[in-house]
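Down below is the structure, laid out as structure tokens.
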Amino acid sequence: MGESSIEQVPRGTLGTVRNAVLLLNLLSEGPAHQQLSDLAERSGLSLPTVHRLLRSLGVAGLVEQDPVSSRYGLGAELVRLSERYLTRLPVSRAIAPFLVELRNSTKATVLAAVLARGCVIYVDRVDGDDPGGVFREPVRMRPALESAAGRLLSARGGPETWREALVMANGQTFTGEDRKRWAEAAFVVLIEERANGTSEVAVPIMGASGSAIASLVATGNLNQYPEEVMVEKVAPQLARAAAAASRFLSHG
């Protein structure tokens with residue numbers, strides 16, 4: 001990325017803020033802590049500029065510097081800000097009353113998901129009854145097209161939303177036919193047939209504008225939740241809850 005592209009900021013905005021956000025995005029990729037020189041090269045900014053920005057972000061707690069290696073990484077303040085943001089999302093309030101009920105009726109792990117720049121972010125979850133604890137890892141974010149919710153939401157979004165999902169697809173190939181099929185589906189099922197295989201089903205939650213703004217998801221061990229169980233038993237329960245949440249959002 002060249003210096004000229006950095007300077008092409010929309011009129012009425014601050015290039016310094018834009019550059020700071022660029023560095024935060026770069027720090028979110030690759031290793032947890034990165035060298036100053038590498039960040040300068042990847043951003044197209046000068047070393048002094050990157051150093052000043054990182055120091056300022058460090059004062060705000062958005063960036064931290066490892067005391068041993070002197071490399072830079074994302075700061076803990078980002079966690080607090082993201083948690084505040086997620087808990088204030090209207091869709092979180094709309095979905096929350098249904099999660100425990102769905103977990104109790106399906107015995108699966110139930111999650112609420114939204115889409116952001118090609119990734120699915122799980123804003124809430126209630127773990128199921130799986131005795132092995134397969135689904136208890138605290139995963140918040142996944143590339144969109146690696147999940148049923150992400151496929152559904154990306155396909156229902158606009159062209160730019162789909163392009164962002166493809167960028168994050170880690171080399172996997174998806175076609176316009178895939179997008180069309182997922183966009184028209186009432187729900188999307190994803191089966192991962194591997195050791196401790198899992199199955200996942202996602203249904204859309206509609207906003208006031210009539211577009212899919214979030215998804216309700218159920219996931220479980222493939223042996224306990226084969227595709228037919230997800231389709232015939234779990235998906236209809238998710239759909240009823242999603243419809244109720246959608247009505248709340250439409251009239252909220």
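Taking all C-alpha pairs of the chain, those more than 25 Å from each other amount to 52 percent. FRET efficiency for the pair Asn170 and Leu47, taken as 1/(1 + (r/R0)^6) with r the Cβ-Cβ distance and R0 = 45 Å, rounds to 0.90. In the context of the full set of protein chains, the chain has a per residue accessible area of 54 Å² (1.4 Å probe). Size descriptors for region 95-244: radius of gyration and Dmax over Cα atoms are 14.2, 41 Å. For the chain, the carbon plus sulfur part of the accessible surface works out to 54%, probe radius 1.4 Å. Springs between Cα atoms under 10 Å define the GNM used for the chain, and in it the highest mean-square fluctuation of Gly197, Gly15, Gly75 occurs at Gly15.
To the nearest ten degrees, helix 15-27 and the longest principal axis of the Cα atoms of the chain are 60 degrees apart.
The values are calculated or read from the model by the stated rules, or taken from the named source; none is laboratory data. Because the structure is predicted, anything quoted here is derived from the model rather than measured. Glycine gets a Cβ as well: all are built from the backbone with ideal geometry, and neighbour counts include every protein chain shown. Remember, those area values only see protein heavy atoms, side chains included, never the ligands or the DNA or RNA. Shrake-Rupley method; radii C 1.70, N 1.55, O 1.52, S 1.80 Å.
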